[in-house]
Structure formats: structure tokens, C-alpha cells
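The values are calculated or read from the model by the stated rules, or taken from the named source; none is laboratory data. Quick caveat, the model's predicted, so the values are computed rather than measured. Please note: Cβ atoms are built from the backbone with ideal geometry, for glycine as well, and neighbour counts cover all protein chains shown. The area values use the complete protein model at the heavy-atom level, side chains included, leaving out ligands, DNA and RNA. Shrake-Rupley method; radii C 1.70, N 1.55, O 1.52, S 1.80 Å.
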Amino acid sequence: MSDMRAKMVSENQCQTCMPLGGVVAFKGIEEAMVLVHGSQGCSTYIRLSNVEHYNEPIDIASSALNEKQTIYGGEANLRKALDNVLRVYQPKVLGVVTTCLAETIGEDMERMIQSYIKDHDIRGVDIIPVATPSYSGSHTEGFWAATKEIIRHYARPVAKHSGINVIIPHISPADIREIKRILDMTGLEYTLIPDYSMTLDRPFGGEYLKIPLGGTRTRDISRMAGARATIQFGLTCPDDLSPGLYLQQEYGVPLIDLPLPFGLENTDRFIEALSRISGRLMPDYLALERGWLLDAMADSHKYNAEGHPVIYGEPELVYAFAALCAENGAMPAVIATGTRNGRLMARVKMLLAEAEEQPIFLEDADFTAIYEAAVSTGANVAIGHSGGKFLTEHLCIPVVRVGFPIHDRMGGQRILSAGYAGTLAFLDRFTNTLLERKYASYRQKKKDELTKGSRMQEAAIEGDE
Ligand code: SF4
């Protein structure tokens, strides 16, 4: 056991690295390419993690720093990488995310990029550097940091207009499409950022493009400062990384911070916010979907009440799934995130304040800590990314896969949990996982009970004799 645990500490973190989140955010911008300023290994790791999850070819450039640049600085490599990327991809937006190495050796990204732009008389492409050293955060913080930098780069004072901004955390392309479907039903004009629903989940067919079609348009981002309001699904987003807070403080755009619309109550809050802004009632079809979800909740409640889930992963997802489970009677046994996020814990503690038994709360957690918490609480199901497969292998706790990365199953990009329809899809998966576990061990349990019973009987007879 101790060997296995030692391995889990070193091999099974609960989060991935900060520039990875930055890369995903840039992939949600139209005609954007990303360059990772660091060693080749960093960009390969980021590229492979994304390819395995999204099942798409995903191009990420690297400045390929090595020992020499670690000592003398990486400016020459960065310039060469910029030359190559601009020539080969001809992007309109180029995100440059840093790595542990680049930040540790103190690369002055702003100066290096400004000097490159000046020397080459660069036009028609915006080069946006983002500091994403992994010792400062996980891919969650990298995602927020890049999204904020992109908005900061483009947002300009503009005349007020009737549109709204919608800022999302790191969710699946399927969830983005569902949120957009709901927004489309309201008739509101909106800018959703970052929109990687097409760039990281492309329909088959057509010509191969180095930079796939889709993504939030930069001209729409530049109008975000004049929007009527910003809806940000960022309850757990730190203030210094919050794009919605930036728009509020710099341009006076009111911020409506909401939980992700996963689960009945959280989706209600989203729909209510949209109804308030648009002045329209919930569209009829959404009301039907809400009804189907309620019906399913009533049908499956007796099974869900037997669930004691371990919920782990990115803070916004963890909060949303904790709320979803609680409203379905599956009180969380363990709440864990790989990053440091006091906001998540404070929010979840408030959410579950009236629970009979409090879960174990873990931040900055790895799977050793999660494993131990799962054992001590008697958890019987897990909700999270593929990292939790060890809970299945060592504790026979099945994992309902959500979040990032999903590298041991197909369709990570298609996992749907948003809105009433997505919640219903998730709930069926969750309930059926509990049922499958129950029926898989049902006969063995009966057999064990019978064997135990007959042994006790034999012992009693021997005692009499
Ligand atoms: S060195 Fe840092 S940036 Fe590079 S892959 Fe590792 S954690 Fe990520």
C-alpha cells in the first residue's frame, strides 16, 4: 500500500499546468495561434493533453529553449519562433504563453515582443503575451489569466449597446454549445468568450485548415466595454484574474457572477438573469426541458440518495457538481481541487451548511489525499476527470467522467452537463453508475451474508455442544 501511495503522490496530480489553460483560452479566439515560450517538452505535454482530450489535431508552437538559453536568455529563440509562426500560420492573433522556465529566468516578455514588433514592422497581427508559470497556478488560473489579457488587449471605450458579455470557465465544447443554444433562445445579442466550441470540436469534412474556423471575433471583444452587463460563470475566479471584474472596474459594465448552469437551481439562476436582462419570460421549450429534468430528479431520487460522491477537479466544475449532487440527495463525501482556491471551499461550505454530515474539503490536493479522504468517508462514486481512474483501480469507486482531461475514454469534448438538458444527461449517467455498481456487487454481497450467517450458526451449534 505505501508503495502505491508514494507513486500516486508523484504521478497523479489533480490539475494540469498553467500555460495549458492559456492555450485553451487562445484557441477560443478567431484566427488565433499560440506559442509556448519554454522548452519543447512543455509544449509537447500541452499539445498531447489537448489532443487526447479534444480528439483534434491541435497546433501549438514552441520557442524550444534549452540549456544555453536557460543561461543566456531566450530572446533569440523567441524571435525565431515568432518568425516561423507568423510565416507558416499567418494568424490575426498570436498568444504567447510563458512557462516555469521562461519565468524563472526572468524573461521580459513585454519588452521582447515590443522590440520584435518594432524591428519587423509587424502589422495585421496582435501578439499578446500572458504570464503563466505553473508554480503560480494550475490550468484553471492560466485559462482565466489568458481570457483577461485577451479582453484587456481589445476592449476599448465604446458607446453603450444592448448586448451582453458571457464569460465562461474551462468547460467542454458541448457545454459551450448548450449555453449558446440557451442564449440564442432569448434573442439577446451576446459575445461569449472564449468560444472554442468549433475550433476544438470540428465537424468532419472539408478542407484541412492550419487554424480552424470559429472562435470569438476580436471585433466583438472590442465592443465588450459597452455591453449592458457581463454574465461570468466565475464564482471561484480570483479577483486579480477576473475578466468580468476588469470590465466592471475599467468600463463600468455590471458584473453578474453566477455558478455554472449545471443542475436545476444553477440553471434557474442563469435563466432568471437572462429573463431580467431581456425582459422576456423563459422560452416555452426551455420550460419543457426543465419539466423533463424535474421528472427525472423525482424518478431517480431514491437511487441518488445512496450516492456519496468524491467531487474533484477545476473549482467552477466542483462547485457546480456539488450543488447538482446536493439537490439530488447525493451528499458529497469529499470536495477536492488540485489548485489553491479558498473561494471554492468557502462557497461549498455555505452550500452544504445544512448537510447532516460535512464532507472532507481538500484544496491543493493530489490523488493521495483524495484517496485517503475517499477511504475515510466511505465514498462510493466519484465525479471528475480521468485522473480519478486510480480510485476505481484501487478502491472500486466508479468515476463519472467530467472536466479535463479525459484521456482514457472517448468524447471528452462532447460531455454535456450544462442547462436543463445537459443536467438531465449527467444525472442519468450518475444514477446509472450507482445502479451498475449496486448490481455488480449485489449477488456477491448476498452470498457473503449467507456464508457469514451459516458460519455463525455453526459456531453457535458448536458452542451448545
Ligand atoms: S515545466 Fe512548468 S510549464 Fe512546463 S510542462 Fe512542466 S509544469 Fe508545465
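Structure summary
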item: Top-ranked residue in segment 253-307 [being under 22 Å from ALA330 (Cβ atoms) and aliphatic (A, V, I, L, M); ranked as nearest to the chain's Cα centre (by Cα)]; result: LEU260
item: Criterion (of a type outside the set (Ser, Thr, Tyr) and touching a Ser or Thr at 6+ places or on another chain (Cβ under 9 Å)) met by exactly one of LEU258, LEU288, LEU235, LEU247; result: LEU247
item: Elements of type strands (runs of 3 or more DSSP E) in segment 349-461, at least 1 residues being in contact with a Gly (Cβ under 7 Å, 6 or more places away or on another chain); result: 381-384, 399-401
item: One residue from SER63, SER49, SER43 being touching a residue at least 40 places away in the same chain (Cβ under 8 Å) and within 13 Å of the ligand (Cβ to nearest atom); result: SER49
item: Yes/no for ARG181 being surrounded by fewer than 17 Cβ atoms within 10 Å (Cβ to Cβ), at pLDDT 95 or above and either within 19 Å of the chain's Cα centre (by Cα) or part of a helix (DSSP H, G or I) (or both); result: yes
item: Which numbered condition ARG47 fails, given (1) open to solvent by 10 Å² or more (accessible area, probe 1.4 Å); (2) over 21 Å from the mean Cα position of the chain (by Cα); result: (2)
item: Qualifying residue in segment 72-90 (condition: open to solvent by less than 70 Å² (accessible area, probe 1.4 Å) and under 22 Å from HIS407 (Cβ atoms)); result: no
item: Only listed residue being away from the ligand (no atom under 13 Å from the Cβ) and modelled with pLDDT under 95, chosen from TYR135, TYR72; result: TYR72
item: Meets criteria (touching a residue at least 12 places away in the same chain (Cβ under 8 Å) and in contact with a Ser or Thr (Cβ under 7 Å, 6 or more places away or on another chain)) for ILE150; result: no
item: Single condition PHE204 does not satisfy, out of (1) open to solvent by 50 Å² or more (accessible area, probe 1.4 Å); (2) in contact (Cβ under 8 Å) with a residue 24 or more places away in the chain; result: (2)
item: Pairs where the first residue, in segment 16-36, is free of Cβ contacts under 8 Å to residues at least 24 places away in the same chain and away from the ligand (no atom under 15 Å from the Cβ) and the second is outside any strand (DSSP E or B) and not charged (D, E, K, R), C-beta under 9 Å, 6+ apart; result: none
item: Residue within segment 102-114 that is farther than 14 Å from MET33 by Cα, among the β-branched types (Val, Ile, Thr) and away from the ligand (no atom under 16 Å from the Cβ) present; result: yes
item: Subset of segment 337-393 [of a type in the set (D, E, K, R) and out of contact with any Phe, Trp or Tyr (no Cβ under 8 Å at 6 or more places or on another chain)]; result: ARG340, ARG343, GLU354, GLU356, GLU357, GLU363, ASP364, ASP366, GLU372, LYS389, GLU393
item: Residue among PHE204, PHE262 that is in a loop (DSSP other than H, G, I, E, B), of a type in the set (Phe, Trp, Tyr) and within 30 Å of ASN341 (Cβ to Cβ); result: PHE262
item: Those residues of segment 207-231 which are over 30 Å from GLY252 (Cβ atoms) and open to solvent by 80 Å² or more (accessible area, probe 1.4 Å), in sequence order; result: GLU207, TYR208, LYS210, LEU213
item: Leading residue by the ranking (most open to solvent (accessible area, probe 1.4 Å)) among those in segment 111-126 that are β-branched (Val, Ile, Thr) and outside any loop (DSSP other than H, G, I, E, B); result: ILE117
item: When residues of segment 314-348 are limited to those that are among the charged types (D, E, K, R) and in a loop (DSSP other than H, G, I, E, B), the one most open to solvent (accessible area, probe 1.4 Å); result: ARG340
item: Every residue from segment 70-101 that is without any contact (Cβ under 8 Å) to a residue 12 or more places away in the chain and within 14 Å of GLY38 (Cβ to Cβ); result: none
